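What follows is a single structure, written as structure tokens, with notes after it.
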Amino acid sequence: MKKGFLLVISGPSGVGKGTVLHDLMNTQSNLVYSVSATTRKKRDGEIEGVSYFYKTHEEFEDMISKGAFLEYAHVHNNYYGTPREFVENKINEGKIVILEIDVQGALNVKKNTDNGVFIFLAPPSLQELKRRIVGRGTETDEDINIRMTNARKELEHIKDYDYLVVNDHLNSAITSVNEIINAEKHKVFREENIEFEEN
Ligand code: 5GP
């Protein structure tokens, strides 16, 4: 069996991470998506346990104190965190576990594990990013401004990632991420043992 690994994907809110990942989940074998916990309010169309596990501030802080998170961060005035147990179990089963997390979370994961592949999904421009967030129609003006300010900060961390994919055309971004995953799957060090029978 091959060792599993973490596939960390970050990028500004609205860049299209969800769309790219949705496609990957349908085409790549052996991938599992880590559902995060958050204190942010549920958006229309989101589903508890599928999009996120929705928590109150108190519940989230209780989970922090119990060490239940692999990483967590305060993003856009809310907590977001990766439940530890699910990720560890799936890695042990040889799965590729997708973490769709912000830059702070990715940097923490990088510090604490040597088993992560880090992909940054960037917009073709900030102007295009704003157009996509506004077009989604789910955020207030204040939220849009917070997300644009965060986007500028996040883009400064591209150099901390292993791979940069620009989401200019969705299909080519999906192809690039697929190619990265395929290459990473074939890394020799992921083989638990390499033996060939004589006959
Ligand atoms: P949104 O509110 O748009 O769903 O997500 C806002 C930001 O939080 C995104 O950049 C997303 O990647 C990040 N995020 C989602 N889940 C987690 C998590 O478990 N940990 C961290 N650090 N960031 C997360």
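The values are calculated or read from the model by the stated rules, or taken from the named source; none is laboratory data. Treat the numbers as computed from the prediction; the structure is a model and nothing was measured. Here Cβ is always computed from backbone atoms with ideal geometry, including for glycine, and neighbour counts include all displayed protein chains.
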Can you tell me how many residues in the stretch 95-127 are basic (Lys, Arg), over 24 Å from His22 (Cβ atoms) and either under 15 Å from the mean Cα position of the chain (by Cα) or assigned to a loop (DSSP other than H, G, I, E, B) (or both)? 1
Condition check for Glu85: within 15 Å of the ligand (Cβ to nearest atom) and farther than 24 Å from Thr138 by Cα: yes
Leu21 vs (1) touching a Leu at 6+ places or on another chain (Cβ under 8 Å); (2) outside any loop (DSSP other than H, G, I, E, B); (3) crowded, with 17+ Cβ neighbours inside 10 Å: all pass except (1)
In the stretch 101-156, what residues are touching a residue at least 24 places away in the same chain (Cβ under 8 Å) and of a type in the set (S, T, N, Q)? Gln104, Asn108, Asn112, Thr113, Asn115, Thr138, Asn150
Being at pLDDT 95 or above and at positive phi is true for just one of Gly94, Gly49. Which residue is that? Gly49
Checking the conditions here, which among Asn112, Asn26 is more than 11 Å from the ligand (Cβ to nearest atom), surrounded by fewer than 17 Cβ atoms within 10 Å (Cβ to Cβ) and under 25 Å from Thr175 (Cβ atoms)? Asn26
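Assess whether Glu184 counts as being of a type outside the set (Gly, Ala, Ser), touching a strand residue (DSSP E or B) at 6+ places or on another chain (Cβ under 6 Å), over 23 Å from Arg40 (Cβ atoms) and assigned to a helix (DSSP H, G or I).
Details: of a type outside the set (Gly, Ala, Ser): yes; touching a strand residue (DSSP E or B) at 6+ places or on another chain (Cβ under 6 Å): yes; over 23 Å from Arg40 (Cβ atoms): yes; assigned to a helix (DSSP H, G or I): yes.
Against the criterion (of a type outside the set (Gly, Ala, Ser), touching a strand residue (DSSP E or B) at 6+ places or on another chain (Cβ under 6 Å), over 23 Å from Arg40 (Cβ atoms) and assigned to a helix (DSSP H, G or I)), Glu184 qualifies.
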